[in-house]
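A short write-up of the structure that comes next.
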Ligand code: IPE
């Protein structure tokens, strides 16, 4: 069984509010179906979440009632994106079931405190494909918090039977500096000791690549193979799901794994 996160940068155009990349989404869901593998699917928010979450300073928690409008709008918008993902999965022949984080998690000081992984397990046993996504959730101390898809990937990686966690992004993997900078080198492998240049521009409220590396290492600690691949290149997700080699970055707990 595999955990997949379709990054918001692959299924949406991050620079333009609420813009779906329909072609990429439908191709990726077809690749998942074609692999024949059992998966839990997580997706990011992209331009359905980050733009307004940043404007409403939602990541910092409650500051004033003016933020409630942003909270409600972001929750509504990420659900709209989730509906597009559900439609694409159904079209590909899969049987998705949507599990919004705001209904199954409670945060405390920006950290996931309560989570109900059993729901994912039971739907999987039933034969369906659980789907969850980046959302705004309750936080006991801060009022509310952002639950990113990366948090969900870590939380689910301790479930029994997870072989791989695949982060599907819009670049080939993790680079030693921002990928568009001259001389940027793709890191084939990252371990806790690798020297990673994380001075990348991080405009995202959830911290972009740096967070991905941190969560990737947490997942690898559970002896799950972590791969970061490019979802804009046709066929890579399907191959990765089948365990075949593809260009990308592997995150390992130690280089002897
Ligand atoms: C962010 O989720 C959720 C919100 C901003 C509401 P992610 O952090 O998983 O989304 P992407 O993949 O970066 O777009």
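The values are calculated or read from the model by the stated rules, or taken from the named source; none is laboratory data. Note that the coordinates shown come from a computational prediction; the quantities given were computed from them, not determined experimentally. As a convention, Cβ positions derive from the backbone with ideal geometry for all residues, glycine included, and neighbour counts pool all protein chains shown.
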Exercise for the section: For residue 76, state whether it is surrounded by fewer than 16 Cβ atoms within 10 Å (Cβ to Cβ) and within 13 Å of the ligand (Cβ to nearest atom). Expected result: yes
Exercise for the section: State yes or no: is residue 4 within 11 Å of the ligand (Cβ to nearest atom), in contact (Cβ under 8 Å) with a residue 40 or more places away in the chain and not in a helix (DSSP H, G or I)? Expected result: no
Practice task
Look at the stretch 49-60 and say how many of its residues are without any contact (Cβ under 8 Å) to a residue 60 or more places away in the chain and closer than 26 Å to residue 86 by Cα.
Solution key: 2
Completion exercise
Scanning the stretch 29-48 residue by residue, those in contact with a strand residue (DSSP E or B) (Cβ under 8 Å, 6 or more places away or on another chain) and in contact (Cβ under 8 Å) with a residue 40 or more places away in the chain turn out to be 32, 37, 38, 39, 40, 41, 42, 43, 44, 45, 48
Handout entry: Residue match in the stretch 40-56 (condition: modelled with pLDDT of 95 or more, away from the ligand (no atom under 12 Å from the Cβ), assigned to a helix (DSSP H, G or I) and under 21 Å from residue 238 (Cα atoms))
Key = no
Exercise for the section: Test residue 173 against the stated conditions and say whether it is within 16 Å of the ligand (Cβ to nearest atom), crowded, with 20+ Cβ neighbours inside 10 Å and modelled with pLDDT of 90 or more. Expected result: yes
Problem - Enumeration of residues in the stretch 114-133 that are within 13 Å of residue 97 (Cα to Cα) and either in contact (Cβ under 8 Å) with a residue 12 or more places away in the chain or buried (at least 18 other Cβ atoms within 10 Å of the Cβ) (or both) - result: 119, 120, 121, 123, 124, 127, 128, 129, 130, 131, 132, 133
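Let's see how each residue does on (1) out of contact with any strand residue (DSSP E or B) (no Cβ under 8 Å at 6 or more places or on another chain); (2) touching a residue at least 40 places away in the same chain (Cβ under 8 Å); (3) more than 24 Å from residue 154 (Cβ to Cβ):
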residue: 10; (1), (2), (3): no, yes, no
residue: 62; (1), (2), (3): no, yes, yes
residue: 72; (1), (2), (3): yes, no, yes
residue: 96; (1), (2), (3): no, yes, no
residue: 100; (1), (2), (3): no, no, no
residue: 112; (1), (2), (3): no, yes, no
Exercise for the section: Among residues belonging to the stretch 134-152 that are in contact with a helix residue (DSSP H, G or I) (Cβ under 6 Å, 6 or more places away or on another chain) and closer than 25 Å to residue 21 by Cβ, point out the one that is surrounded by the most Cβ atoms within 10 Å (Cβ to Cβ). Expected result: 134
Fill in the blank from the handout: Within the stretch 10-39, residues assigned to a helix (DSSP H, G or I) and more than 19 Å from residue 229 (Cβ to Cβ) come out as 22
Problem - So residue 49, is it out of contact with any helix residue (DSSP H, G or I) (no Cβ under 8 Å at 6 or more places or on another chain) and within 22 Å of residue 211 (Cα to Cα) - result: no
